[in-house]
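What follows draws every value from the coordinates through simple rules; no lab data is involved. These numbers come from a predicted model, not from an experiment. Glycine gets a Cβ as well: all are built from the backbone with ideal geometry, and neighbour counts include every protein chain shown.
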Amino acid sequence: MGEQQSKPGLAVVTGAAGGMGSAVASQLSAEGWSLLLCDLDQKRLEENARPLRNKAAQVEILAGDIADCAFPSQLAAALGNRQIAALIHTAGLSPTMGDAARIFAVNYDATVRLVEVVYPRMAEGGCAVLISSSSAYMINSPEIDAALNALQTGEDSSSLMKFATKPEMAYPISKRAVIRLVAREATAFGKKHARIVSIAPGLIDTKMSRAEQAASSQMDAMLERTPLGRLGHADEIASVAVFLCSRAASYVTGCDIKVDGGMLAALGR
Ligand SMILES: NC(=O)c1ccc[n+]([C@@H]2O[C@H](COP(=O)([O-])OP(=O)(O)OC[C@H]3O[C@@H](n4cnc5c(N)ncnc54)[C@H](O)[C@@H]3O)[C@@H](O)[C@H]2O)c1
């Protein structure tokens, strides 16, 4: 095969105080990974880290706002000269959690900068897993797709702002941009014998989806059409993320994996 495969090393997990991020941290620690857990919420990061310290090789935390321009240098300082075997980036905001500008800043611009920090430190055989969303497949606009295709490595979301004055539009566009980022950066990661992939969750039972469900009846309608007929669990996203970082997924890169109970298929997307 001529290249190393992923094995438990250092994994950076963002959103590690949240539903999916906590589940990812817990599953990786059980496999003996070392963890650097990042989130806005320092208190919950510390609570989550405590029980993992018995299992994981090492658990560190970095509290901060991933959308803050200082965050990349804080992360770089926390990493020192260590290589990263996995990035699992779950931090994000849903439409009820911010205005359009903040949603782009957290879901896309911060993701671009995170990938820039991680890329030079990516270990051979390593994998970056970003979280997109099934909502990214609801966009049906050649103009938006043209703008997304024109985005260059390192470019922020300014060219997309005109398509989204409302958070309900900013969210799916920001997540479609994440899917494009993964496709765009796969070649550069491949040159390092590393991979980059995204996961598009459907309706997953976390604090985020509960907030969206309370704000609109649209989620209930989508749930009704979901072939598996239930919400997904954060663990069911985490297990796919852990698989993607494993040797078993060594030929998977540059793509978006739908983990949505069949919802998009049922909607014809
Ligand atoms: N839950 C769903 O149904 C669903 C569906 C599709 C996509 N997603 C995506 O999955 C990812 C994880 O969502 P979740 O359901 O676990 O949500 P969650 O709200 O439980 O967790 C998100 C975490 O991200 C952190 N975060 C938010 N903004 C941050 C910032 N600026 N800096 C640092 N940390 C920040 C929050 O503090 C929180 O701990 C998100 O990217 C979300 O858009 C979720």
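The figures follow:
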| quantity | calculated |
| --- | --- |
| Qualifying positions in the range 62-87 - without any contact (Cβ under 8 Å) to a residue 40 or more places away in the chain and within 25 Å of S239 (Cα to Cα) | L62, A63 |
| Enumeration of residues in the range 24-44 that are in a helix (DSSP H, G or I) and surrounded by fewer than 24 Cβ atoms within 10 Å (Cβ to Cβ) | S26, Q27, A30, Q42, K43, R44 |
| Residue among T14, T90 that alone is within 17 Å of L130 (Cβ to Cβ), touching a Cys at 6+ places or on another chain (Cβ under 9 Å), of a type in the set (S, T, N, Q) and in contact (Cβ under 8 Å) with a residue 40 or more places away in the chain | T14 |
| Residues of the range 208-221 satisfying the condition of being within 22 Å of the chain's Cα centre (by Cα) and in contact (Cβ under 8 Å) with a residue 12 or more places away in the chain | M208, S209, A211, E212, M219 |
| The listed residue being in contact (Cβ under 8 Å) with a residue 24 or more places away in the chain, under 18 Å from G18 (Cα atoms) and crowded, with 17+ Cβ neighbours inside 10 Å, out of G232, G261 | G232 |
| Selected residue (criterion: farthest from the ligand (Cβ to nearest atom)) from residues of the range 47-57 that are in a helix (DSSP H, G or I) and charged (D, E, K, R) | R50 |
| Hey, T187 in a loop (DSSP other than H, G, I, E, B) and either surrounded by 18 or more Cβ atoms within 10 Å (Cβ to Cβ) or of a type in the set (S, T, N, Q) (or both) or not | no |
| Answer residue from the range 58-67, given it is hydrophobic (A, V, I, L, M, F, W, C) and not in a loop (DSSP other than H, G, I, E, B) and is farthest from the ligand (Cβ to nearest atom) among those | V59 |
| Extreme residue, nearest to S246 (Cα to Cα), among residues of the range 116-147 that are charged (D, E, K, R) and surrounded by 13 or more Cβ atoms within 10 Å (Cβ to Cβ) | E124 |
